[in-house]
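Let me begin by presenting the structure, written as structure tokens, before commenting on it.
The values are calculated or read from the model by the stated rules, or taken from the named source; none is laboratory data. Please read all numbers here as calculations on a predicted model, not as lab measurements. Don't worry about glycine lacking a Cβ; one is built from the backbone with ideal geometry, like all the others, and counts go over all protein chains shown. Just so you know, the surface numbers come from the protein's heavy atoms only, side chains and all, with ligands and any DNA or RNA stripped out. Shrake-Rupley method; radii C 1.70, N 1.55, O 1.52, S 1.80 Å.
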Amino acid sequence: MDILARCYAKDSNLITRDIAGETIIVPVRNNVGDLDSIYTLNEVGTLIWELIDGKNSVSRIAEVISNTYEVKLEEAERDALQFINSLEKAGMIRTIENKME
Amino acid sequence: MDILRYFDFSLEIHQKIKGRRIPIGGAIEVTRRCPLHCIHCYNNLPADDQEAKGCELTYDEHCRIIDEITEAGCLWLLLTGGEIFLRKDLLDIYTYAKKKGLLITLFTNGLLVTPEIADYLVEWRPFSIEISLYGCAKETHDRVTGVEGSYERYMRTIRLLTERKLPLKLKSMVLSTNKHEIWGMKHLVEKELGLEFRFDAMINPRIDCSQDPLAVRLSPQEVVDFDLEDPKRIGEWRKFFDKFNGPVHPHDQMDELYHCGGGVHSFAIDPYGKLKICELACGDGYDLRKGSFRDGWETYLLKLRKQKITRQTKCIHCEIKAMCGMCPENAQLENKDPEEPVDFMCQVAHLRAKALGINVKPHGECEYCRAQGSEAGLP
């Protein structure tokens, strides 16, 4: 499957907090993430995190970033993929199988 | 995405909220009832106090309050007591708060922790669990707690929690009854159990203003001797003083009564739903059964924070206040007057300054430093 066509879903055991303008991801159960770490997201990261809903593909997310921040689509795709990879590696999101845009 | 270790994260978020009034940390006392009878405790009630139990917040009331504090920006929440596990619904309250994304610390005496509770905490891991140890010898621990067999149950709980690699920290209050075992406790906890250990010797009167706990308080000199015996501890005091050396409060805030984080970044809620500036506060508080947390924070606590001093005391221009720890709440408990200097703390601060070789500048009618650089007034 084309990597840009993939969709991802957040682990339901992660809670998103917005404190003093900072987006903080708090793992609440033992089966997710590193409980001794705190995940904080910057503005672009927060937008990507909000767009990860099991329905938006990586390509759609990159499109929103490109339009919102007026950057080239290729650049937005590269950034989105890099960020999504780090989320997946941390066990915070998972691929939704066979989901095509 | 930044993945931050806790220390960096905490530093970053505290920098972000500097200058802003956000209740980022709070404490909920879920009960004041406790099966132990520690003489130094500032708030314990008998475990079977039915009247107290009947007045405590219900599970539903806790949930509503947790919703409101989370909405207001609370991130760190302490669940404390009394003994928290006396409440049958403690884990329900805890889990509700966990699901809201709060970083929760549990203060418990460990007596009622079962393998089932420990397993549950593995699944729903707390930010931290803190338990107090009062002696290396079981006789000493039990003498402080007033309950025979409490030491064995304590050690069983420590095993239950450490076997499960839960984030456990042990601490102690140094009292006249256990002072001879404090270094043994430190060795036991740090070297044998491999856990973090800290101790404190600053005992307050009870929040009902009983002075009973002071019967086991060390003398000011003994408190400072404990600092001096531990190179790490004295090093930390020196670093602390270097950081906060000089006038403790900005000039434009000199006339304010409160200078702590209470009501600015923190709050406390008692078992009966009264919002207060901290756990030591013995006033009426704001009734969260009648109003929202937001209202209490924006009205009652804001007004309290803006309270001005009514007179000049030797504390106002004291430059070693950072080493003292006196606040309006412990002054109220000790002297029934939030502005009256707490003599015990004043003595400790001056002795500590002397031990660190700090020259104390004159700051009004202070009997402990009448002659500059001298401790002439100290007993």
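Using the structure shown, decide if B:Pro220 is touching a residue at least 60 places away in the same chain (Cβ under 8 Å) and touching a His at 6+ places or on another chain (Cβ under 9 Å). For B:Pro220, the condition - touching a residue at least 60 places away in the same chain (Cβ under 8 Å) and touching a His at 6+ places or on another chain (Cβ under 9 Å) - is met. Could you list, in sequence order, all residues of the range B:61-96 that are surrounded by 20 or more Cβ atoms within 10 Å (Cβ to Cβ), touching a helix residue (DSSP H, G or I) at 6+ places or on another chain (Cβ under 6 Å) and not aliphatic (A, V, I, L, M)? Once the filter is applied, which keeps residues that are surrounded by 20 or more Cβ atoms within 10 Å (Cβ to Cβ), touching a helix residue (DSSP H, G or I) at 6+ places or on another chain (Cβ under 6 Å) and not aliphatic (A, V, I, L, M), the range B:61-96 yields only B:His62.
As for the range B:305-322, it holds no residue that is modelled with pLDDT of 90 or more, touching a Ser or Thr at 6+ places or on another chain (Cβ under 9 Å) and among the charged types (D, E, K, R). Residues that are open to solvent by less than 60 Å² (accessible area, probe 1.4 Å) and at positive phi were ranked within the range A:11-41; the one that is modelled with the highest pLDDT is A:Ala20. Give the range B:120-151 a look and list any residue that's part of a strand (DSSP E or B), of a type in the set (Ser, Thr, Tyr) and more than 14 Å from chain A (Cβ to nearest Cβ), or say none. The answer is B:Ser132, and nothing else. Residues that are open to solvent by 30 Å² or more (accessible area, probe 1.4 Å), within 14 Å of chain A (Cβ to nearest Cβ) and of a type in the set (Asp, Glu) occur at least once in the range B:111-119. Looking across B:Cys260, B:Cys282, one residue alone is open to solvent by 50 Å² or more (accessible area, probe 1.4 Å), under 30 Å from B:Gly73 (Cα atoms) and not in a helix (DSSP H, G or I). It is B:Cys260.
Which residue is modelled with the highest pLDDT, if the candidates are limited to the range B:101-110 and must be open to solvent by 10 Å² or more (accessible area, probe 1.4 Å) and under 24 Å from A:Leu14 (Cβ atoms)?
At the first step, the residues of the range B:101-110 found to be open to solvent by 10 Å² or more (accessible area, probe 1.4 Å) are B:103, B:105, B:107-109.
Next, only the ones that are under 24 Å from A:Leu14 (Cβ atoms) stay: B:103, B:105.
Numbers: B:Leu103: 93, B:Thr105: 96.
Here the residue is B:Thr105.
Can you find, within the range B:11-35, the residue that is farthest from B:Arg305 (Cα to Cα) among those that are more than 11 Å from every other protein chain (Cβ to nearest Cβ), open to solvent by 10 Å² or more (accessible area, probe 1.4 Å) and of a type in the set (A, V, I, L, M, F, W, C)? Of everything passing the filter in the range B:11-35, B:Cys34 is farthest from B:Arg305 (Cα to Cα).
Yes/no matrix, rows are residues, columns are (1) away from chain A (no Cβ under 14 Å); (2) closer than 13 Å to B:Ile269 by Cβ; (3) in contact with a Gly (Cβ under 9 Å, 6 or more places away or on another chain):
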| position | (1), (2), (3) |
| --- | --- |
| B:Gly54 | yes, no, no |
| B:Leu57 | yes, yes, yes |
| B:Ile66 | no, yes, no |
| B:Leu86 | yes, no, no |
| B:Asp92 | yes, no, no |
| B:Ala97 | no, yes, no |
| B:Lys100 | no, no, no |
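Listed by first and then second residue, the pairs with beta-carbon distance under 9 Å, at least 6 apart or on different chains, first residue in the range B:37-49 and among the β-branched types (Val, Ile, Thr), second buried (at least 16 other Cβ atoms within 10 Å of the Cβ), are B:Ile39/B:Val144; B:Ile39/B:Leu175; B:Ile39/B:Thr177; B:Ile39/B:Pro213; B:Ile39/B:Val216.
Looking only at residues in the range B:152-167 that are within 14 Å of chain A (Cβ to nearest Cβ) and charged (D, E, K, R), the one that is nearest to the chain's Cα centre (by Cα) is B:Lys165.
Evaluate the following for B:Arg198: is it within 14 Å of chain A (Cβ to nearest Cβ), in contact (Cβ under 8 Å) with a residue 12 or more places away in the chain and closer than 30 Å to B:Trp124 by Cα?
Here the answer is no, as B:Arg198 does not meet what is asked.
Of the candidates A:Arg94, A:Arg60, the single residue that is within 22 Å of A:Asp11 (Cα to Cα), part of a strand (DSSP E or B) and not hydroxyl-bearing (Ser, Thr, Tyr) is A:Arg94. Each residue in the range B:285-297 was checked for being surrounded by 19 or more Cβ atoms within 10 Å (Cβ to Cβ), assigned to a loop (DSSP other than H, G, I, E, B) and either among the β-branched types (Val, Ile, Thr) or touching a helix residue (DSSP H, G or I) at 6+ places or on another chain (Cβ under 7 Å) (or both), and 1 pass. The test for being open to solvent by 30 Å² or more (accessible area, probe 1.4 Å), touching a strand residue (DSSP E or B) at 6+ places or on another chain (Cβ under 7 Å) and in contact (Cβ under 8 Å) with a residue 12 or more places away in the chain does not hold for B:Lys336. Every test in (1) closer than 26 Å to A:Tyr39 by Cα; (2) under 19 Å from the mean Cα position of the chain (by Cα); (3) not β-branched (Val, Ile, Thr) is passed by B:Glu83 save one, and that test is (1). Any residue at all in the range B:303-324 that's among the basic types (Lys, Arg), in contact (Cβ under 8 Å) with a residue 40 or more places away in the chain and over 18 Å from B:Met254 (Cα atoms)? Within the range B:303-324, none of the residues are among the basic types (Lys, Arg), in contact (Cβ under 8 Å) with a residue 40 or more places away in the chain and over 18 Å from B:Met254 (Cα atoms).
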